[in-house]
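The values are calculated or read from the model by the stated rules, or taken from the named source; none is laboratory data. None of these values were measured; they are calculated from a predicted model. Cβ: placed from backbone, ideal geometry, glycine included. Neighbour counts: every protein chain shown. Each accessible area value is taken on the protein alone, full model and side chains, heavy atoms only, with ligands, DNA and RNA left out. Shrake-Rupley method; radii C 1.70, N 1.55, O 1.52, S 1.80 Å.
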Amino acid sequence: NKQILFKNNVNGFPKESDMLLVTTTTINLKLPEASNAVLVKNLYLSCDPYMRDRMNESKESYIDSFTPGSPIIGYGVAKVLDSGHSNFKKGDLVWGIIGWEEYSIINEPETLFKIEHTDVPLSYYTGILGMTGMTAYAGFYEICASKKGEYVFVSAASGAVGQLVGQFAKLSGCYVVGSAGTKEKVDLLKNKFGFDEAFNYKEEQDLDAALKRYFPNGIDIYFENVGGKLLEAVLSNMRVNGRISACGMISQYNLEQGEGVHNLSHIVTKSLRMQGFIVVHYYHLYPKYLEMIIPLIKQGKICYIEDVAEGLESAPMALIGLFSGKNVGKQVVAPLSL
Ligand code: NDP
């Protein structure tokens, strides 16, 4: 059983050497007697920015830290090989939290989602049909309360969440602009995902001026993935009664202490609503989301781009790449020797 172990707590930017590939020659593929656990073979792993938080030393956080010396855990897609739980049987496909290893024993199988639609790429259950898709759905539809014709700005727009938010906003009749960190990503936003405009934030000396160029009348909705200086510039460009869906702030995750953000007083003077959320609190909406998204995928009304790293050994590099923008679209690790 090949595994990627978490070595030790991380300060600053994570490195490949914070994780370790090990191979154990003997594999125990038997479930303990009378357990309701499930044995799975892991097929696809998801790399997600929130995993950085789990690399910090245990502290007050919404999520537990990884255990040094144990496998990294994260979202993924797997096949059930043996089951002590009445909801799962051999051969079922599932998505949920699994280990970064070839085989995992899942002690709380209630946390897994059974995959019912298999006529779409299985890897989509790490992204558009999994946690990431639910993030875009909850963050946009539940929090932004968009109206047709409104002006929407999305940061980290070509990423796993951002590419969907932009397309949801277009389907809702909004004007949408995205920012991303390379020319290739900007081209994708305009030519593949249908954003009205897009810009490379790394090439802008003055973010405030860039936003004024694309939103001369201001922004109604900001889908926040980045934080820091970009948030500061957005606050000055929000319209009265604007809404900010605070999904993530990736520019802050590797800093010892988060940057201070100026311009917060605009929240008061423009009657803005800024709401954070954690996707797991919206999982009850998953069946409703599938009802919406599966037909959109099948009719080709929504597209999804993945960046696939090959093999378990490439997972550490793929994960840390998220923090320098190496990934183009949803970062997946696949397939784990089917
Ligand atoms: P992405 O696929 O967008 O990958 C991360 C991207 O962030 C990179 O490709 C890079 O794109 C950009 N980035 C990295 N570092 C910086 C930086 N310092 N400044 C600006 N941009 C940076 O990731 P996801 O779509 O999976 O996640 C997007 C956001 O959503 C994250 O903040 C994440 O934490 C959050 N999230 C929140 C959830 C919730 O429950 N609230 C659930 C899931 C995700 P570029 O080249 O454009 O810079």
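Below, the figures for the structure above:
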{"item": "Distance histogram in 10 Å bins (all Cα pairs of segment 229-289, percent per bin)", "result": "19, 41, 28, 12"}
{"item": "Cα pair distances in segment 49-193, grouped into 5 Å bins until the bin that holds the longest one, percent each", "result": "2, 9, 15, 15, 16, 15, 14, 9, 5, 2, 0"}
{"item": "Choice from Gly194, Gly321, Gly260 showing the highest fluctuation, given a GNM over the chain with Cα pairs closer than 10 Å", "result": "Gly260"}
{"item": "Rg/Rg_globular for segment 1-122, with Rg_globular taken as 2.2 N^0.38 Å and Rg from C-alpha atoms", "result": "1.11"}
{"item": "Average projection area in nm² (convex hull over Cα atoms of segment 1-59, one quarter of hull surface)", "result": "6.1"}
{"item": "Kyte-Doolittle at least 1.6, axis length at least 24 Å by Cα - qualifying DSSP helices, the chain", "result": "none"}
{"item": "Taking only Cα atoms of segment 194-237, radius of gyration then Dmax in Å", "result": "10.0, 26"}
{"item": "Modelled FRET efficiency - R0 41 Å, Cys303 with Asn9, Cβ distances, 0.05 increments", "result": "0.60"}
{"item": "Equivalent ellipsoid dimensions for the chain as semi-axes, Å, which come from the Cα gyration tensor, largest first", "result": "36, 22, 18"}
{"item": "For Ile305, residues with placed amide H under 5 Å, excluding near neighbours", "result": "Lys330"}
{"item": "Candidate lysines for bridging to Lys185, where Cα separation is under 23 Å - those fewer than 8 sequence places away on the same chain excluded", "result": "Lys170, Lys202, Lys212, Lys229, Lys301, Lys326, Lys330"}
{"item": "Glu108 accessible area, assembled protein chains, probe 1.4 Å, Å²", "result": "120"}
{"item": "Computed Kirkwood radius, in angstrom, where 1/r is averaged over Cα pairs of segment 57-142", "result": "14.5"}
{"item": "Rotationally averaged projected area of segment 28-89 (alpha carbon convex hull; nm²)", "result": "5.8"}
{"item": "Sequence-separation-based contact order of the chain, relative, with Cα cut under 8 Å and 6+ spacing, percent", "result": "18"}
{"item": "All-pairs Cα distance distribution in segment 177-322, expressed in whole percent, bin size 5 Å", "result": "2, 8, 12, 17, 19, 18, 14, 7, 3, 0, 0"}
{"item": "Over segment 171-281, relative contact order from alpha-carbon pairs under 8 Å, at least 6 apart, %", "result": "20"}
{"item": "For segment 240-338: accessible area per residue (Å², 1.4 Å)", "result": "51"}
{"item": "Portion, in percent, of the accessible area of the chain that falls on carbon or sulfur, probe 1.4 Å", "result": "52"}
{"item": "Mean separation of Cα contacts under 8 Å (6+ apart) over length of segment 40-141, as relative contact order %", "result": "27"}
{"item": "Space enclosed by the convex hull of the alpha-carbon atoms of segment 145-254, per residue, Å³", "result": "92"}
{"item": "Karplus-derived HN-Hα couplings along segment 10-21 (A = 6.51, B = -1.76, C = 1.60, θ = phi - 60°), whole Hz, x at Gly and Pro", "result": "10, 10, x, 5, x, 10, 4, 6, 7, 10, 9, 8"}
{"item": "Student exercise, the chain dipole from Lys, Arg, Asp, Glu Cβ charges, in Debye to nearest 20", "result": "740"}
{"item": "Ser265/Glu291 FRET efficiency (R0 25 Å; Cβ-Cβ; nearest 0.05)", "result": "0.05"}
{"item": "Rounded D (µm²/s) - segment 258-306, Kirkwood Rh over Cα pairs, Stokes-Einstein at 20 °C, 1.002 mPa s", "result": "145"}
